[in-house]
Amino acid sequence: MAAAHETTLVRLGGKFAFVLFIMVLLAFVVEAQLTQYLQTALGYKQPYFIFYIVHSSFSLSFPIHLIYVLLRTKHGLRSLLSGLNFSITAQLTACNFQGSRSSPLANLFIIIMTITTFYNIPALLWFAAVPLSSVTDLTAIWNANAFFAYIFSVKLLGLEWGKLRLFAVSLATLGVVTVVYGGSIGSSSDPEPFKENLTNTSTPFVGDMLTLVASLVYGLYQVLYKKYIALSSNPVLNSDSAHYRQLSTSIDNIADEEPSACAVVADNMVYPPPFGLHPNLITTSIGLCTLFVFWIPIPILHYYQIEEFRLPPNAVTAIAIAGIATSGVVFSAGYMVLLGVWGPVVASVGNLLTIVLSVFSDLIFGTVPLTLAGALGAGMIVGAFGVLVYDMF
C-alpha cells in the first residue's frame, strides 16, 4: 500500500506539486480580490495597463527561483544554466525540429513568441469583453477552457477518449455553470454600466463571442505548452533521496529513458533541472516578451482615447497593483509547472477549484451570499477534480 501511494505521488509530481497547487489557488483568489478592489473601491480602471504590468512582472519568476536554488543547494550557476540549455535542446529535438535549418535558439525564440501570443490574447479578449456583457455569462464561458483543453489534448497529444475523464470534465463544466448562474459568483458592484451596455442587444453577443474565443485559445495554449514547451520528464526535487547517475551522452538516449525524480550531475551539468526551474524560465520569457512588445498599444490606446494612460494617483493604488502583480506571478509561474507535471486536462480542471475559493472569499468579505446552487456547483467541481486524480492512479 505504501509503495502504491509513493508511486502515485511521483506520478502526480510529488508533495511539492500539491503544495504548489495550493499556492496557485490562493494566489488566484488574492489576485481576483485585489483586482476588484482596485477597479471598484479605488476607481483605477486601466485594464490594459494593469494587464501589461502584471504580465511583464512574470519576468521575475526565473531570477527569483534561480537565486533560491543557488542559496539552498550546492549547484553552481554554470551547471544549472548548462542543464537548462541541454534540456531545451533535447526538447526541441524531441519535438521534431531536426529537419529545420534554423538554430535551436531561433526555434526557441519562435516558440516563445508564439506561446506568449497564445497566453496574452485570452487576457486581452477578456478585458475587452467585460464592458460588453454580464459577469456571470463571461465567467461561465471562460471556464469552459477545461473542456476545450480536453478536446485539444485528444487531437494534439493523442489522449484517448476516456469515459472517466470525459465525465469529470463535463461534471466540472456543469459545476461552473451551476455556480455562476446560481448567483454565487460576484457581480459588478456598480451595475449601471452593465445596464447601459445591455440595452443594446448586440453588445452582449459580442462580449460572449469574445470570451468564447478567449476560452478556446486558452485551452489550446495549455495543450501547446504541454506538447512543445514542457519537458518530457518533469523532475521532482526530493531532498530525502538525492543521488546522481551518469549523464547520457546522446539526446536520443535521454528521450528513451524513464523519467527520474533525481537530478543528474556530470561534467558540470545538472539534468533534469531542479523542480520548476525550466517552467519558470519559460514564464520569465513570456514576461520579457510582454515587457518589450506589448507596450506598443499603450500610446495608441491613449492617442485614440480608448484607454487614456495615467499613472497610479496615490500610494494605495500603487501597492494594490504591486499586490496584483505579485499574486499574478505566483499563479502563472505555478500553473506553468503544473501544466508540465499534471497535463492540461487535470491542471485546467484543478484550476476550476479557484471558483470554489472565490465563492467562500465572497462569502467571507460579504460580497455575495452563498446559495444552494453555489454550494452544489462547488461540490461538482471538487468531485470532478477528485475523479481526475483517481484516474491518474
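Every read-out reported here was derived from the displayed coordinates using simple, explicitly stated rules and does not represent laboratory data. Values in this document were obtained by computation on a predicted structure and should not be read as measured data. Every residue, glycine among them, receives a Cβ derived from its backbone with ideal geometry; neighbour counts consider all protein chains shown.
Roughly speaking, what is the stretch gain from A128 to I306, that is 0.36 nm per residue apart minus the C-alpha to C-alpha distance, in nm to one decimal? Intermediate results must be reported in sequence, preceding the final value.
Numbers: separation 178, 0.36 × 178 = 64.08 nm, distance 1.09 nm.
Extending this stretch completely gives an extra 63.0 nm.
With labels modelled as points extended 7 Å from the Cα through the Cβ direction, what inter-label distance (nm, one decimal) is found for K45 paired with A315?
A separation of 2.8 nm, rounded to one decimal place.
Give me the number: length gained by fully extending R72 to W295, i.e. 0.36 nm times residue separation minus the C-alpha to C-alpha distance, one decimal in nm.
Values: separation 223, 0.36 × 223 = 80.28 nm, distance 3.59 nm.
Additional length available on full extension: 76.7 nm.
Below 14 angstrom from the Cβ of I282, what's the summed charge of the other residues (Lys, Arg +1; Asp, Glu -1)? Present the calculation step by step, with values, prior to reporting the outcome.
Values: positive: K226, K227; negative: none.
Around I282, the surrounding residues sum to +2.
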